[in-house]
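Note sheet for the following structure.
The values are calculated or read from the model by the stated rules, or taken from the named source; none is laboratory data. As the structure is a computational prediction, the values presented were derived from the model and not from experiment. With ideal geometry, Cβ positions are generated from the backbone for all residues, glycine too; neighbour counts draw on all protein chains shown.
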2 protein chains.
Amino acid sequence: MKVAIIGGGAAGMSAASRVKALRPNWDVKVFEKSRWVSHAPCGIPFFVGGAVEKFDELCAYDIDYFKRERGIDVHTNARVVEIEEGRLTVDEGGKEASYEWDKLLFATGSKAVRLNVEGENLEGVIYVDDIENAERVKIEAMKVDNVVVVGSGYIGVEMADAITRLGKNVTVIEVMERPLPEYDAEIAAIIKSEMEKYVNLRLSEKVTAFEGKDRVEKVVTNKGEYPCELAIIAVGVAPNTDLAKGFVELGVKGAIRTNSRMETSRENVYAAGDCAESINIVTGREDWIPLAAPANKMGYVAGVNMAGLEMHYPGSLKSQLTGFKDIEIGKAGLSENEAIRFGYEVVSAFITSRTSARYLPGGLIHLKVVADRNGKLLGLQAVGKDVAMRVYAASALLHKNGDVKDLFFCDFPYYPPVSRVWDPLVVAARNIFRKLGLP
Amino acid sequence: MKVAIIGGGAAGMSAASRVKALRPNWDVKVFEKSRWVSHAPCGIPFFVGGAVEKFDELCAYDIDYFKRERGIDVHTNARVVEIEEGRLTVDEGGKEASYEWDKLLFATGSKAVRLNVEGENLEGVIYVDDIENAERVKIEAMKVDNVVVVGSGYIGVEMADAITRLGKNVTVIEVMERPLPEYDAEIAAIIKSEMEKYVNLRLSEKVTAFEGKDRVEKVVTNKGEYPCELAIIAVGVAPNTDLAKGFVELGVKGAIRTNSRMETSRENVYAAGDCAESINIVTGREDWIPLAAPANKMGYVAGVNMAGLEMHYPGSLKSQLTGFKDIEIGKAGLSENEAIRFGYEVVSAFITSRTSARYLPGGLIHLKVVADRNGKLLGLQAVGKDVAMRVYAASALLHKNGDVKDLFFCDFPYYPPVSRVWDPLVVAARNIFRKLGLP
């Protein structure tokens, strides 16, 4: 059997590894357009900020490992240019080659959304879309004094954090009225005030142009101008489905339509990772959730099914963790705004609590729990200290379709340095009890 | 309505608060034999080790708060000496008083198991059973050089940690072959090697006597003698049911039999906290789980039901977190040994993993997942770094009766400093997949 996998990121390498583990004699080829496989874009801000010294460290495994240890035929600098039934054409460093396939996987990832404004092709304007841009960002950031980051989603926030660590002046420009706009206002307000200690945060401003002679000299918005020698753009991503379009059906937000076996509309063709649609476990509906952990698992499931066995991907929760300086930030499931948009009648609780017993130092956590009128949990957002453990717990309860009683009664252990006898999650649940008229 | 609550610890004050919140006009009396209410024995090691300066800080709220803010009639130094239907007799600082009750709650907690060996009443031999002993332990520990801790359950381990922080020589004597004997051998081995860096850890040794003239001078075991000026005994606890015996039925391990409304065998009489039986959610059977967080929730549920409303306590998981020096230690559900004892056919995975992306500092976590042959999750044990978030997550999945597929597919978020794209929990789940023949 000949298996062809387009894309050597998380999903692609995960699937390739799975197929080879289950079918050691099958021919598994991966075509990756960059020089890297199993690259870890989530690590880019840590490389830029200096926590990681060498770029190569960001790749989980090197190519030789996959070839030698796992028997995967990895082709790098290999851009797939055409796909037909049973065959694909690849540009490998300028030379075209053709390969046959019996089973095909799209693992083509996502691509940066473009601003489409004047001057965005100037030197010194960089989209953080490609793993290879990470090196450019770092080299350029080291040389300059003033950096503008356009966008304050996860990547924008982490990039802003990283670049201030290099001692640079950072301006962050966000078109929405708050940073990390997927979070509700209460949580975003805390993130905002933390960010404002370190960066010039410009909210509700729309970038209209980049200006400069040889290279960028300023970023222009509908409200002002921001001189800079480097502009980094991170205004979101979209599924990278240029190759798939017309060959398989597309679904939510243009991602490749899949079922729970990661099968596309065409027989023997699969999709996984950031290019693929999946299920949002909270809503039960198709969604597009381009994140690393789900991508790996989708790849795993695709690999199992491509190998002829059966496994179903249940979907994900869009669980996320990030940080800015001293605060951790996390979310699982839906914000209140998102829940309302999906048509839920919502109750929510926003609380601030110490994370430790009051006689120990600890810190503060702010968290918001969102539920529907029947008490079904819809989501958690948190910011502050010891956020990860609460987002992990909420992810588990959301995964199991839990309700606020589960959140209240779940036996979260008490240990004075990191938790409380009434955990902040439990306090929030009790708060919702009251709103639902429970005793 | 007259409500009498025996015991002003976590469960008692929780129940009293709940009743007053729901029935502000009811007369709610709490009888507490010590000077303290809402005391936090979990904080004792932090007080002894010096992280908490003043003993008073260990009490979550002071008595005035409960009286003034919550309208609870708190009686301290009030030892209940006799209970009859509708009436109880209390020794209040030497004077006997009698009170009527319409509803009664036992919240009498637990008491230290005695060694029953010679010399245990010598000066300098202290049982860590009573909140008031915490002050004695600290005062004595400050004065001496050599301390023996008998027992290496949670309290013993935390006490040993605390006393080494005071710069004292500590010997820990454990009758079982490993410290924290509720953990399986793989996990305990790591705890053992950490403890051995700081204390003289004597395993499989049984204390036979305490010897000394005016006060303790040595601890004698079946294998040796350990000179010391202070011996602290923490060899377990038992339900404190002296008062309840004969008045209501007792159940597992002598704890007061209760149903999910925390009702005892006698009408209008409830029990909650360390003196009460409850359900072990993993096994679905009656169990005795004397821990702070469950005690508070049992008290809450008892309070709701005493107030005439309805709420059911689902039971708990015996989730626990503790630490020794630089390692966190945690457990939820059953160990492999416990699972076998309960009759399960067990599969398990023990793994060691980094807790962060490999390009960031992070640390190591060792974890063991236990499941049955159908993949149902039975328990998690972990030791190392970032343990709390994994124990929280496992507690949530165990609470919802999850299986290893849930553990694998649960959308735990990836953030390079604190987690991995394949979280250690997910790696352990995959490991169990293999043992169950899943792809």
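Tabulated values for the structure
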quantity	calculated
Selection from the range B:15-64 of residues that are aliphatic (A, V, I, L, M) and within 20 Å of B:ILE155 (Cα to Cα)	B:ALA40, B:ILE44, B:VAL48, B:ALA51, B:VAL52, B:LEU58, B:ALA60
Residue ranges of strands (runs of 3 or more DSSP E) in the range A:192-262 with at least 3 members hydrophobic (A, V, I, L, M, F, W, C) and closer than 22 Å to A:ALA162 by Cα	A:230-233
Some residue of the range B:383-392 being crowded, with 24+ Cβ neighbours inside 10 Å, part of a loop (DSSP other than H, G, I, E, B), at the interface with chain A (Cβ under 7 Å from one of its Cβ atoms) and at pLDDT 95 or above	no
Options B:GLU84, B:GLU53: the member that is more than 27 Å from the chain's Cα centre (by Cα) and either of a type outside the set (Val, Ile, Thr) or surrounded by 17 or more Cβ atoms within 10 Å (Cβ to Cβ) (or both)	B:GLU84
Hey, A:ARG341 at pLDDT below 95, over 30 Å from A:ILE5 (Cα atoms) and among the basic types (Lys, Arg) or not	no
Members of the range A:327-370 that are among the small types (Gly, Ala, Ser) and in contact (Cβ under 8 Å) with a residue 24 or more places away in the chain	A:GLY330, A:ALA332, A:GLY333, A:SER335, A:ALA339, A:SER348, A:ALA349, A:SER353, A:SER356, A:ALA357, A:GLY362
Residue list for the range A:403-427, restricted to those being facing chain B (nearest Cβ under 7 Å) and of a type in the set (A, V, I, L, M, F, W, C)	A:PHE409, A:CYS410, A:PHE412, A:VAL418, A:VAL421, A:TRP422
Residues of the range A:393-402 satisfying the condition of being among the polar types (S, T, N, Q) and surrounded by fewer than 24 Cβ atoms within 10 Å (Cβ to Cβ)	A:ASN401
Considering residues of the range B:24-64 that are within 11 Å of chain A (Cβ to nearest Cβ) and charged (D, E, K, R) only, the residue farthest from B:ARG79 (Cα to Cα)	B:GLU53
Residue match in the range B:150-165 (condition: under 18 Å from the mean Cα position of the chain (by Cα), acidic (Asp, Glu) and not assigned by TED's automatic domain parsing to the domain that holds B:VAL383)	yes
Enumeration of residues in the range B:162-181 that are closer than 14 Å to B:ALA234 by Cβ and either surrounded by fewer than 23 Cβ atoms within 10 Å (Cβ to Cβ) or not charged (D, E, K, R) (or both)	B:ALA162, B:ILE163, B:VAL170, B:THR171, B:VAL172, B:ILE173, B:VAL175, B:MET176, B:PRO179, B:LEU180, B:PRO181
Qualifying position, being within 28 Å of B:LEU22 (Cβ to Cβ), crowded, with 19+ Cβ neighbours inside 10 Å and more than 11 Å from chain B (Cβ to nearest Cβ), among A:LYS368, A:LYS376	A:LYS368
Flag for A:GLY273 being under 29 Å from B:TYR415 (Cα atoms) and modelled with pLDDT under 95	no
Failed item in (1) under 22 Å from the mean Cα position of the chain (by Cα); (2) among the aliphatic types (A, V, I, L, M); (3) assigned to a strand (DSSP E or B), with B:LEU397 passing the rest	(3)
Selected residue (criterion: farthest from the chain's Cα centre (by Cα)) from residues of the range A:305-323 that are surrounded by 24 or more Cβ atoms within 10 Å (Cβ to Cβ) and hydrophobic (A, V, I, L, M, F, W, C)	A:MET306
Restricting the range A:142-161 to residues that are within 30 Å of A:VAL369 (Cα to Cα) and among the hydrophobic types (A, V, I, L, M, F, W, C), the residue that is surrounded by the fewest Cβ atoms within 10 Å (Cβ to Cβ)	A:ILE155
Residue, farthest from the other protein chains (Cβ to nearest Cβ), within the range B:290-341, restricted to residues that are among the basic types (Lys, Arg) and part of a loop (DSSP other than H, G, I, E, B)	B:LYS325
Pairs, first closer than 21 Å to B:PRO290 by Cα in the range A:421-432, second in a helix (DSSP H, G or I), C-beta under 6 Å, six or more apart	A:VAL421/B:ALA292; A:VAL421/B:ALA293; A:VAL421/B:ASN296; A:VAL426/A:PHE408
Condition check for A:GLY362: in a loop (DSSP other than H, G, I, E, B) and under 25 Å from B:PRO417 (Cα atoms)	yes
Test: residue in the range B:379-396 that is without any contact (Cβ under 8 Å) to a residue 12 or more places away in the chain, among the charged types (D, E, K, R) and outside the structural domain of B:GLU263 (by TED's automatic domain parsing)	no
Check on A:GLU286, part of a strand (DSSP E or B), within 22 Å of A:ALA112 (Cα to Cα) and among the acidic types (Asp, Glu)	yes
Restricting the range A:397-420 to residues that are aliphatic (A, V, I, L, M) and in contact (Cβ under 8 Å) with a residue 40 or more places away in the chain, the residue that is farthest from B:GLN320 (Cα to Cα)	A:LEU398
